[in-house]
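Structure first, then comments.
The values are calculated or read from the model by the stated rules, or taken from the named source; none is laboratory data. Predicted, not measured: the structure shown is a model, and the values here were computed from it. No Cβ is skipped: glycine too gets one built from the backbone with ideal geometry, and neighbour counts run over all protein chains shown. The protein model used for the area step is the full one, side chains on, heavy atoms only, and it has no ligands, DNA or RNA in it. Shrake-Rupley method; radii C 1.70, N 1.55, O 1.52, S 1.80 Å.
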Amino acid sequence: MSDNYELENVEASVEKAKPASLKNGKNNKKTAMIVLAVIAVIAILGTVVYLVLDGMGVIGGKKTDKVKELADYKNFSYKTFDKTVSDKDVENYYKEMTDYYIKIGYKVYEEDKSRENDVVKKGDTVNIAYKGFVDGEAFKGGESEAYDLTIGSGAFIEGFEDGLIGAKKGEKRDVKTKFPDSYPQNPDLAGKEAIFSVTVNYFSKEAEYSVENAYEKVFGYKTLDDIYKELRTYLEEEAIANEKSYYENSKNEYLVYIIENTKYDELTKEADEFYKNYYSAMEKMASDYKLTMANLANQYGYSDVESFQKALKEQAADEVKKNITLELIAEKEGIKLSDEKYNEYAEKYAKEAEYDSVSEYAETYDKYYGKGMFRQYILNAYILDTLFDKYAVKSDEVATPGDAVK
């Protein structure tokens, strides 16, 4: 645990509260629209409402009359995502992994049988089994059955490596040591005396490896087929995740398409009103986490408050368009959110935002943006999903994994 533990906790909390459109300082039409469709960590700001809810409307009242000409939302196509994993995909991934380890100079070891009768000295590499005890109790993370340790490398705490000098293959020793007074890896062990029960398994030497033998030398599998099986499972799971991500990205593109092809009357007043509420929410968040606005801006990836404000203003303008456009289309299509669908969506988003319950998620959301705002967020997401599923059509063009993460 670092000395900045409290600050790190604050930063983690703020990270959880960020809308997707402002993470890493990214702000453009596409990312501004993404808030609604993508399941962000919390996506609090992506759905500030366009209706008056319990006296707290962001824009206030219906504004669908601000739409001069609605886009043809029934005409949108997106690529097909192929999640098939071929044998060649598996082979290539294994080769990429091996090439990476070779490139970074990763070392592997094997038994040096020529040193069967030697004794351990500084500079030797030995394969050891060890188990550590503090106050007679084994502690978590303090054991291994096979670890290649170079004596004198300083990889272990002071006294451990010196305690093996003079040992022979197969010899077992109890090495007495003391953890440093400052031990961030495990503060509970800091300054405590320990005894390690250590067995020298054998003397080691550096081994060469390549694509032909890395499955065993580097990754510890008995056969190439064994690692291929594991890699295939991994790649298939990744492909499923990428397909889901690509589907969400496609919904975002659909929303962007609708907004960019819809014509509006002047919305400066509505956007300014939205921004004021938007920025007020940011100030409240900063206050709750005991941060200055400059600190919060930095958390979102902006160098100063002014650039952060500019990003919020740009997003506010897009959010106004998004909200009134979705409302108008929902009216035309007769889209309504049932209690059953609300519960389904709320539970889904709460889980993916890593909240313990829907109530906790909704309370956090409404805390910053007013009673009823969370339900509006769910409604907006439901409207977009309904439209996309009904009108978006897959084309014959095949998407790439890169399309899933852009």
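Observations, loosely collected:
- Test: residue in the stretch 116-131 that is surrounded by 12 or more Cβ atoms within 10 Å (Cβ to Cβ) and under 30 Å from residue 238 (Cβ atoms): no
- A single entry from 317, 271 fulfils the requirement of being assigned to a helix (DSSP H, G or I), within 26 Å of residue 256 (Cα to Cα), in contact with a Lys or Arg (Cβ under 8 Å, 6 or more places away or on another chain) and open to solvent by 10 Å² or more (accessible area, probe 1.4 Å): 271.
- Failed criterion for residue 92 (all others in (1) open to solvent by less than 100 Å² (accessible area, probe 1.4 Å); (2) not in a helix (DSSP H, G or I) hold): (2)
- Within the stretch 161-186, the set of residues being open to solvent by 60 Å² or more (accessible area, probe 1.4 Å), closer than 19 Å to residue 109 by Cα and out of contact with any helix residue (DSSP H, G or I) (no Cβ under 9 Å at 6 or more places or on another chain) comprises 168 only.
- Single unsatisfied condition, residue 328 versus (1) in contact with a strand residue (DSSP E or B) (Cβ under 8 Å, 6 or more places away or on another chain); (2) within 30 Å of residue 295 (Cβ to Cβ): (2)
- Boolean, residue 189 is modelled with pLDDT of 95 or more and either open to solvent by less than 40 Å² (accessible area, probe 1.4 Å) or of a type in the set (A, V, I, L, M) (or both): no
- Matching residues, the stretch 278-303, being closer than 20 Å to residue 373 by Cβ, out of contact with any Phe, Trp or Tyr (no Cβ under 8 Å at 6 or more places or on another chain) and surrounded by fewer than 19 Cβ atoms within 10 Å (Cβ to Cβ): 279, 280, 283, 286, 287, 288, 289
- Leading residue by the ranking (surrounded by the most Cβ atoms within 10 Å (Cβ to Cβ)) among those in the stretch 350-373 that are under 20 Å from residue 319 (Cα atoms) and touching a residue at least 60 places away in the same chain (Cβ under 8 Å): 365
- The residues listed here are 378, 335; of these, the one that is in a helix (DSSP H, G or I) and closer than 25 Å to residue 70 by Cα is 378.
- Residue 137, sole failed condition from (1) closer than 17 Å to residue 166 by Cα; (2) open to solvent by 70 Å² or more (accessible area, probe 1.4 Å): (1)
- Selection from the stretch 287-314 of residues that are outside any loop (DSSP other than H, G, I, E, B) and within 29 Å of residue 262 (Cβ to Cβ): 307, 308, 309, 310, 311, 312, 313, 314
- Annotation: of all residues in the stretch 192-216 being among the acidic types (Asp, Glu) and within 27 Å of residue 107 (Cα to Cα), the one that is most open to solvent (accessible area, probe 1.4 Å) is 208.
- Restricted to the stretch 354-394, and to residues there that are over 24 Å from the mean Cα position of the chain (by Cα) and more than 27 Å from residue 259 (Cβ to Cβ), the residue that is modelled with the highest pLDDT is 367.
- Scanning the stretch 63-90 for residues that are of a type in the set (Lys, Arg) and over 21 Å from residue 255 (Cβ atoms) returns 83, 88.
- Of all the residues in the stretch 243-268, those that are open to solvent by less than 30 Å² (accessible area, probe 1.4 Å) and in a helix (DSSP H, G or I) number 11.
- Every condition in (1) buried (at least 18 other Cβ atoms within 10 Å of the Cβ); (2) part of a helix (DSSP H, G or I); (3) touching a residue at least 40 places away in the same chain (Cβ under 8 Å) is met by residue 386 except one, and the failing one is (1).
The rows are residues; the columns are (1) hydrophobic (A, V, I, L, M, F, W, C); (2) under 32 Å from the mean Cα position of the chain (by Cα).
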residue: 112; (1), (2): no, no
residue: 129; (1), (2): yes, no
residue: 134; (1), (2): yes, no
residue: 149; (1), (2): yes, no
residue: 153; (1), (2): no, no
residue: 162; (1), (2): no, no
residue: 168; (1), (2): no, no
residue: 183; (1), (2): no, yes
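- Residues satisfying the stated conditions in the stretch 145-160, i.e. open to solvent by less than 30 Å² (accessible area, probe 1.4 Å) and either among the polar types (S, T, N, Q) or under 23 Å from residue 113 (Cβ atoms) (or both): 149, 151
- Which listed residue, of 306, 333, is free of Cβ contacts under 8 Å to residues at least 60 places away in the same chain, open to solvent by less than 50 Å² (accessible area, probe 1.4 Å) and of a type in the set (D, E, K, R): 333
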